[in-house]
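Notes follow the structure.
The values are calculated or read from the model by the stated rules, or taken from the named source; none is laboratory data. All of these numbers come straight from a predicted model, not from anything done at the bench. As a convention, Cβ positions derive from the backbone with ideal geometry for all residues, glycine included, and neighbour counts pool all protein chains shown.
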Amino acid sequence: MNTANLSLNFNERVMFTLRSLYSMCGFTQYKMSKFEEYDLYAKNKDFLISDSIITFTDTNGKLMALKPDVTLSIIKNSKDLPDTIQKVYYNENVYRISKGTQGFKEIMQVGLECFGNIDSYNICEILTLACKSLKTISNDAVLDISHLGIMTSVLDAIDVPSYARKDILKFIGEKNIHQLSSLCSELEISENNIELLKEIVNTTGKADEVLPYLEDKLEGVIDTAPLKEFSAILNALDSDIKNIINIDFSVVSDTHYYNNIVFKGFINGIPSGVLSGGQYDKLMQKMKRKSGAIGFAVYLDLLERLESITDNYDVDCVLLYDKNEPVENIKSNVDKLTLKGLKVLACSALPNNLKYKELITLKNGEVSTVENNA
């Protein structure tokens, strides 16, 4: 018996699980055209992952582009309603050079956007969904979070000139302490301030440890109100969500587009981030919008390495139930497992030659793990 032939592939299962997760939280699906006027992307090239864009001339003479990004299209084609909240999710193909390749690829991207009158609850919800998205893919995941507003305040306080900030942020993002120190010295920033900046970049860990430490360290250097607000948002998250969150101020994005909270999600076994997002009020302002915004995207093309591992198994989990077990108990336990994004086979007898990651038994309403091959 080989159930893999009857199932969706790994990326498809992730996509449909994420769509279900987002719709259950009140996000509605956003559908869009495969192309936009090239001018939209030309004006915002720094916002794009890659500035390589496939273009063509339309029958009316306009230069068009196969869309390399979804967020820009959603903002352009949505109404600006700053006094309310709009919540949308998407699964769309984008067209760009995939990481690790030299050519263009059609890449399935899943994500969500929340824009309008953004408050702390909306931020908590987005962070929660980002963590749940990662856990849908793998239990071995981490969401690294930073705060550009705090980092910008520190750069202001230590007198980093505006013309040097792009390079400073580049070195911070790379955790290139040597180049960071060298450039700061060239800018005649004091040794004490250089050490402070290096300490912030190198301080990582759980929120309840890192943020009180940084609050004490930055007291009198910057206005710590944003740091306290940041702490309050993270402390409001459920414990299972906080467990996979890591504070890391080396997570940076273009400050011309992003502000405040930014984050990247990582899965063990994949060298680059599979999820990226944050608050992009500045992009909204650049596009003449009054609304705030926060969102993220999951890059399904990066999951191919995990898919090859997953394909070694017919199913993620076997639920082996006793023949006398009530049907509603079996169904309830299968539902719990599938909601986690697992491919589940429920049966009363274990099939021959079935390859599975985990074997769980269900008898008299009791569930126990008998075998774990993951």
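Just a few scattered comments:
- Selected residue [under 21 Å from the mean Cα position of the chain (by Cα) and in the same structural domain as R19 (by TED's automatic domain parsing)] from S133, S231: S133
- Residue match in the stretch 202-209 (condition: surrounded by 19 or more Cβ atoms within 10 Å (Cβ to Cβ) and hydrophobic (A, V, I, L, M, F, W, C)): no
- Criterion violated by S138 - all others in (1) at pLDDT below 90; (2) in contact with a Pro (Cβ under 9 Å, 6 or more places away or on another chain) satisfied: (2)
- Flag if E209 is in contact with a Ser or Thr (Cβ under 6 Å, 6 or more places away or on another chain), at pLDDT below 95 and in a helix (DSSP H, G or I): no
- Count of the stretch 197-228 residues which are more than 16 Å from T152 (Cα to Cα) and in contact (Cβ under 8 Å) with a residue 24 or more places away in the chain: 9
Condition check ((1) under 22 Å from Q279 (Cβ atoms); (2) at pLDDT 95 or above) across all residues:
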| position | (1), (2) |
| --- | --- |
| N77 | yes, no |
| L81 | yes, no |
| K87 | yes, yes |
| G100 | no, no |
| M108 | no, no |
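- Any chance L143 is closer than 22 Å to A207 by Cβ, in a helix (DSSP H, G or I), touching a residue at least 40 places away in the same chain (Cβ under 8 Å) and not β-branched (V, I, T): no
- Some residue of the stretch 185-196 being of a type in the set (A, V, I, L, M), in contact (Cβ under 8 Å) with a residue 40 or more places away in the chain and surrounded by 13 or more Cβ atoms within 10 Å (Cβ to Cβ): yes
- Index of the failed condition, Y280 passing every other in (1) of a type outside the set (V, I, T); (2) out of contact with any Cys (no Cβ under 6 Å at 6 or more places or on another chain); (3) not assigned by TED's automatic domain parsing to the domain that holds M15: (3)
- Residue within the stretch 334-341 that is more than 16 Å from N9 (Cα to Cα), hydroxyl-bearing (S, T, Y) and at pLDDT 85 or above present: no
- A search for C-beta distances below 9 Å between a residue of the stretch 1-28 that is of a type in the set (A, V, I, L, M) and any residue that is at pLDDT below 75, counting only pairs 6+ apart in sequence or on different chains, returns A4/D311; V14/G341; M15/L8; L18/G341; L21/G341.
- Subset of the stretch 333-374 [outside any strand (DSSP E or B) and either of a type in the set (F, W, Y) or under 27 Å from M24 (Cα atoms) (or both)]: N333, V334, D335, K336, L337, T338, L339, K340, G341, L342, K343
- Test: residue in the stretch 32-47 that is touching an Asp or Glu at 6+ places or on another chain (Cβ under 6 Å) and either of a type in the set (V, I, T) or assigned by TED's automatic domain parsing to the domain that holds F296 (or both): yes
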